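> Could you have a look at this structure, given as structure tokens, before my questions?
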Amino acid sequence: MKKRYAFLATGLLGAGILAGCGDSSAKEETKSIKIGATSGPYSDMVKEAIQPGLEKKGYKVEIVEFSDYIQPNIALGSGDIDANLFQHSIYLKTFAKEKNLDLKGLITVPTAPMGLYSKSYKSLDDVKTGAEVATPNDPTNQARALNLLAEQGWIELKPDADPLTVSEKDIVKNPKKLVIKPLEAAQLPRAIESVDISAVPGNFALAAKFDLLDALALEKMDEQYRNLVAVKTADEKKQLAKDLTAVVESEDFNAVIEKSFKGFSKPEWAN
């Protein structure tokens, strides 16, 4: 999953609180919210592309950063925050089910894709038979990596295999005789020093200061791997949810993405 930071930035939107001024002559109301994310591209996205749009709509926005991928959903479920931005829909659904949380994906955002990085080769055409390729060892990201290798024509997967769950056992042809080396995702940026090619998820690539556009190839991202703004299911019809959606769909948001998030894969709705 243009690529940067440890799998994902966590975002929050603190409760949309309508606070009266307490003065009969003051008619303005303040809508205070919190938006949280782990440091990295998605907290940057909140700060640069989402916060300004919400402030134009009259919100007072506080950005809160998290250091893991558990607390953002716990905080959202408990009502400590109003929304978050750090995860894709597969993770959201799995986490919510395991923790008995009622959460909802609101809208997907441009996301850093997985890419093939190398210090040994400058182009796909240079890759030799027998090249060593490091891939993530967790099932979800390994499936993405294998699909990316198949997109290059380097391997062939079973035609009836679910692309979201394919594994090495689903490889039916390996004409390049690639040597696949599964590693912890966090090790993949460093692996380019010891293997020919490393398939690095976008968040880890960005955390390692990789330029997404330097990848030999970037994945054609499945919509289910795109990060999204999440809210409590009970809040999906509320005004804050509507305003968040409007901001993400706005031309101003897109202009920031075009300028500051080069290489990020845009959702289908934005194309």
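> Exactly which trypsin sites (Lys or Arg not before Pro) in the range 86-163 are in a DSSP loop and have at most 13 other Cβ atoms within 10 Å?
Those that pass, being in a loop and sparsely packed, are Lys119, Lys122, Lys128.
> Still on this model: Students often check this: by mean Cβ neighbours within 10 Å, which of 161-171, 183-193 ranks highest, and how do the rest follow?
Descending mean neighbour count gives 183-193, 161-171.
> Then there's this: Helix-derived [θ] at 222 nm for the chain: sum -39500 (n - 2.57) over DSSP H runs of at least 4, divide by residue count, nearest 500?
My calculation for the chain gives -7500 deg cm²/dmol from helical runs alone.
> Let me ask something else about it. For the range 62-165, which whole percent of the accessible surface, found with a 1.4 angstrom probe, sits on carbon and sulfur atoms?
The computed percentage sits at 47.
> Near Lys266, which lysines are there with a Cα under 17 Å away, not counting those fewer than 8 places off in the same chain?
Lys2, Lys3, Lys220
> Peptides 254-267, 63-76: what's the order by average Cβ count within 10 Å, highest mean first?
By packing density, highest mean first, the sequence is 63-76, 254-267.
> Is the C-alpha gyration tensor of the range 116-271 telling us rounded, prolate or oblate? Criteria: a/c under 1.5 is rounded; beyond that, a/b larger than b/c is prolate, otherwise oblate. Write out the running numbers ahead of the final one.
On the way: a/c = 2.36, a/b = 1.74, b/c = 1.36.
Verdict is prolate for the range 116-271.
> Further question on the same structure: Give me the percent of the accessible area of the range 178-218 that comes from carbon and sulfur atoms, probe 1.4 Å, all protein chains in place. Each step should come with its number before you reach the end.
On the way: 860 of 1750 Å².
Carbon and sulfur: 49 percent of the exposed surface of the range 178-218.
> What order do you get for 222-231, 196-205, 237-246 when each peptide is scored by the mean count of other beta carbon atoms within 10 Å, highest first?
So the order, starting with the most tightly packed, is 196-205, 222-231, 237-246.
> Under a 1.4 angstrom probe, counting protein chains only, how are Lys176, Lys47 ranked by accessible area, largest first?
Reading off the accessible areas and sorting them downward yields Lys47, Lys176.
> Report the relative contact order of the range 156-264, percent, no decimals, based on alpha-carbon pairs under 8 angstrom and at least 6 residues apart.
On the way: 43 pairs, mean separation 16.3, N = 109.
So the answer I get is 15 percent.
> Could you sort Thr38, Thr233, Thr94, Thr129 by their accessible area in this structure, using a 1.4 Å probe and putting the largest first?
Details: Thr38 10, Thr233 40, Thr94 70, Thr129 95 Å².
Largest accessible area first, the residues go Thr129, Thr94, Thr233, Thr38.
The values are calculated or read from the model by the stated rules, or taken from the named source; none is laboratory data. This structure is a prediction, so every number in the text was calculated from the model and none was measured. FYI the Cβ positions are ideal-geometry reconstructions off the backbone, even for glycines, and counts take in every protein chain you see. Surface areas here come from the heavy atoms of the whole protein model, side chains and all, with no ligands, DNA or RNA. Shrake-Rupley method; radii C 1.70, N 1.55, O 1.52, S 1.80 Å.
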